[in-house]
Amino acid sequence: MKLIGMLDSPFVRRVAVTLAARDIPFEHESISVFREMERFGAVNPLFKSPSLVADDGTILMESSVILHWIEGISGIPLLPDDPASRTRAARRVALGLVAAEKAVQIEYERKRPEHERTASWQERIAGQVATAWEAIEDELAGDLDPLALDGITIVAAWGFGRFVTPDHAPPERFPKLSAFAVDAEALQPYKRFPVDG
């Protein structure tokens, strides 16, 4: 199978690190949906990153769908079986995804011409990403594994936030999250697929 997309995407990176952490073989092809539209469109005309090309040629999209499919074909569970632990992990995955989505929206908004930007929208998404980081900071506990799906999602989101929107992800405001991410980034699956690609 082949994973298509740039590692500056937290969604591509969470898939890559999850697969690497579980020793599931795959190829990664770093193609930009912006700078290499023709090349990306030849793989997936919907221009959705990440895209995963299954061994039979089927194209899958959306990181959560891809990971659910991987769990099914590999038999390797991505969330705990215990209901309470599963609920806690699922919430942390969701918080990481919200933080990533809002950081992406902040970055896209910055790319728009100044006259097309809306102050109220910028304030709203800035507030949403801050609230997500605060919730993650509050919920970080000793049971969070940096190579479990919730840990990977959070670290991928934080890495993107620090890389692209550092003014919205100050480490001094979120010290537990920052320290957790620094330790995680030293692990081999993260080093193999660094945020800046």
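Numbers for the structure displayed
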quantity: Residues satisfying the stated conditions in region 63-96, i.e. among the acidic types (Asp, Glu) and either surrounded by 14 or more Cβ atoms within 10 Å (Cβ to Cβ) or closer than 17 Å to residue 28 by Cβ (or both); calculated: 71
quantity: Qualifying residue in region 178-197 (condition: on the phi > 0 side of the Ramachandran plot and in contact (Cβ under 8 Å) with a residue 60 or more places away in the chain); calculated: yes
quantity: Within region 127-153, considering residues that are surrounded by fewer than 18 Cβ atoms within 10 Å (Cβ to Cβ) and among the charged types (D, E, K, R), the one nearest to residue 20 (Cα to Cα); calculated: 145
quantity: Matching residues in region 2-35 - criterion: being farther than 22 Å from residue 100 by Cβ and without any contact (Cβ under 8 Å) to a residue 40 or more places away in the chain; calculated: 23, 25, 27
quantity: Pick from region 1-40, criterion among the charged types (D, E, K, R) and not in a loop (DSSP other than H, G, I, E, B), ranking: farthest from residue 152 (Cα to Cα); calculated: 38
quantity: Flag if residue 31 is modelled with pLDDT under 95 and within 25 Å of residue 141 (Cβ to Cβ); calculated: no
quantity: Contacts under 7 angstrom Cβ, first residue in region 131-159 being of a type in the set (Ser, Thr, Tyr), partner buried (at least 19 other Cβ atoms within 10 Å of the Cβ) and part of a helix (DSSP H, G or I), 6 or more apart; calculated: 153/14; 153/93; 153/96; 153/97
quantity: Residues within region 41-64 that are assigned to a helix (DSSP H, G or I) and under 13 Å from the mean Cα position of the chain (by Cα), tallied; calculated: 2
quantity: Count of residues meeting criterion [polar (S, T, N, Q) and closer than 21 Å to residue 8 by Cα] in region 76-125; calculated: 1
quantity: Filter result (more than 13 Å from the chain's Cα centre (by Cα) and either hydroxyl-bearing (Ser, Thr, Tyr) or part of a loop (DSSP other than H, G, I, E, B) (or both)) within region 149-195; calculated: 165, 169, 170, 171, 172, 173, 174, 178, 186, 187
quantity: Whichever residue in region 112-143 is assigned to a loop (DSSP other than H, G, I, E, B) and in contact with a helix residue (DSSP H, G or I) (Cβ under 7 Å, 6 or more places away or on another chain) and, among such residues, is farthest from residue 85 (Cα to Cα); calculated: 117
quantity: Filtered residues of region 65-79 (kept if assigned to a loop (DSSP other than H, G, I, E, B) and in contact (Cβ under 8 Å) with a residue 60 or more places away in the chain); calculated: 78, 79
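The values are calculated or read from the model by the stated rules, or taken from the named source; none is laboratory data. Just so it is clear, the structure is predicted and the values come from calculations on it, not from any experiment. Ideal geometry is used to build each Cβ from the backbone, glycine not excepted, and the neighbour counts take in all protein chains shown.
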